[in-house]
1. Filter region 16-60 down to the residues that are within 19 Å of the chain's Cα centre (by Cα) and over 19 Å from residue 152 (Cα atoms) and list them by number.
2. Quick one: in region 117-127, of everything that is modelled with pLDDT of 85 or more and exposed (fewer than 15 other Cβ atoms within 10 Å of the Cβ), which residue is farthest from residue 174 (Cα to Cα)?
3. For region 130-146, what are the residues that are in contact (Cβ under 8 Å) with a residue 24 or more places away in the chain and assigned to a helix (DSSP H, G or I)?
4. Sort through 150, 162, 127 and tell me the only one that's within 25 Å of residue 71 (Cα to Cα), in contact with a helix residue (DSSP H, G or I) (Cβ under 8 Å, 6 or more places away or on another chain) and not in a loop (DSSP other than H, G, I, E, B).
5. Can you find even one residue in region 48-62 that is crowded, with 18+ Cβ neighbours inside 10 Å, within 17 Å of residue 101 (Cα to Cα) and either in contact (Cβ under 8 Å) with a residue 24 or more places away in the chain or assigned by TED's automatic domain parsing to the domain that holds residue 138 (or both)?
6. Evaluate region 64-77: report whether one residue or more is more than 15 Å from residue 27 (Cα to Cα), assigned to a loop (DSSP other than H, G, I, E, B) and either over 25 Å from the mean Cα position of the chain (by Cα) or touching a residue at least 40 places away in the same chain (Cβ under 8 Å) (or both).
7. Kindly establish whether residue 89 is assigned to a strand (DSSP E or B) and either surrounded by 14 or more Cβ atoms within 10 Å (Cβ to Cβ) or outside the structural domain of residue 181 (by TED's automatic domain parsing) (or both).
8. Regarding region 91-104, can at least one residue be identified that is more than 29 Å from residue 164 (Cα to Cα) and out of contact with any strand residue (DSSP E or B) (no Cβ under 7 Å at 6 or more places or on another chain)?
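The values are calculated or read from the model by the stated rules, or taken from the named source; none is laboratory data. Note that the structure is a prediction, hence the values are computed from the model and not measured. All Cβ positions, even for glycine, are placed from backbone atoms using ideal geometry, and neighbour counts span all protein chains on display.
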């Protein structure tokens, strides 16, 4: 019988617990094997797909047997005293059923989805829910977990984290919480220096705080950064905001 006592956190270093006891998930490659099954819960994954997810185009000669060993160990670790492990053998591969374990990535997605299901003008409540979602993060997602699959998931989850942070800041700017917004923006921009929407919010918060010169300097920084890193100019929306700040458009 499957149990929800199994809990895994992927929004940071990968960790797992059965009840209050932390599990030893093994080597980084073994953790990568488990990460694939957790993040593809409900879908079957073949042995070939697992090999590709962990080693890409350069698998070791004994990859097939190594995967079998990882799965054997993981089944034993996850089973504990239960009659069966949540890792199932299905036609063509392996699977962890949807809902068999508790995942922080699922909680994060659910909180963000609830915000998107609400009225966008509920800025206060939406900001609270999004901060709850962001509080689930403990660092870089899947930190230390190797392989092409983990790399792709790290990037995907990082973008979702940035988008949620962006929404929180946008709500704070709308509600006039400029100091809070600017403090959060400093961290978000450091992690996502090419994300133009963050720069727009920074410029807007600075301008509405009575800091026009700083807002214009923020534009110059992103303009120089984009030119240096990508050889492009800021996007149309960022350029328009710059002109509106420069000319002090009423109501901005």
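1. 16
2. Step one: list which residues in region 117-127 are modelled with pLDDT of 85 or more, which gives 117, 123-127.
From the residues that got through so far, the ones that are exposed (fewer than 15 other Cβ atoms within 10 Å of the Cβ) too are 117, 124-125.
Working: 117: 19, 124: 10, 125: 13 Å.
Within region 117-127, the match that is farthest from residue 174 (Cα to Cα) is 117.
3. Filtering region 130-146 down to residues in contact (Cβ under 8 Å) with a residue 24 or more places away in the chain leaves 130-131, 133-134, 136-146.
Correct list: 130, 131, 133, 134.
4. On the way: 162 fails: within 25 Å of residue 71 (Cα to Cα); 127 fails: within 25 Å of residue 71 (Cα to Cα).
Testing whether each residue is within 25 Å of residue 71 (Cα to Cα), in contact with a helix residue (DSSP H, G or I) (Cβ under 8 Å, 6 or more places away or on another chain) and not in a loop (DSSP other than H, G, I, E, B) leaves just 150.
5. The answer is no; no qualifying residue exists.
6. No, region 64-77 contains no residue that is more than 15 Å from residue 27 (Cα to Cα), assigned to a loop (DSSP other than H, G, I, E, B) and either over 25 Å from the mean Cα position of the chain (by Cα) or touching a residue at least 40 places away in the same chain (Cβ under 8 Å) (or both).
7. Values: assigned to a strand (DSSP E or B): yes; either surrounded by 14 or more Cβ atoms within 10 Å (Cβ to Cβ) or outside the structural domain of residue 181 (by TED's automatic domain parsing) (or both): yes.
In short, yes.
8. Kept after step one, since they are more than 29 Å from residue 164 (Cα to Cα), are these residues of region 91-104: 91-95.
Restricting the remaining residues to those that are out of contact with any strand residue (DSSP E or B) (no Cβ under 7 Å at 6 or more places or on another chain) gives 91-92.
Checked against the condition, which is being more than 29 Å from residue 164 (Cα to Cα) and out of contact with any strand residue (DSSP E or B) (no Cβ under 7 Å at 6 or more places or on another chain), region 91-104 yields at least one hit.
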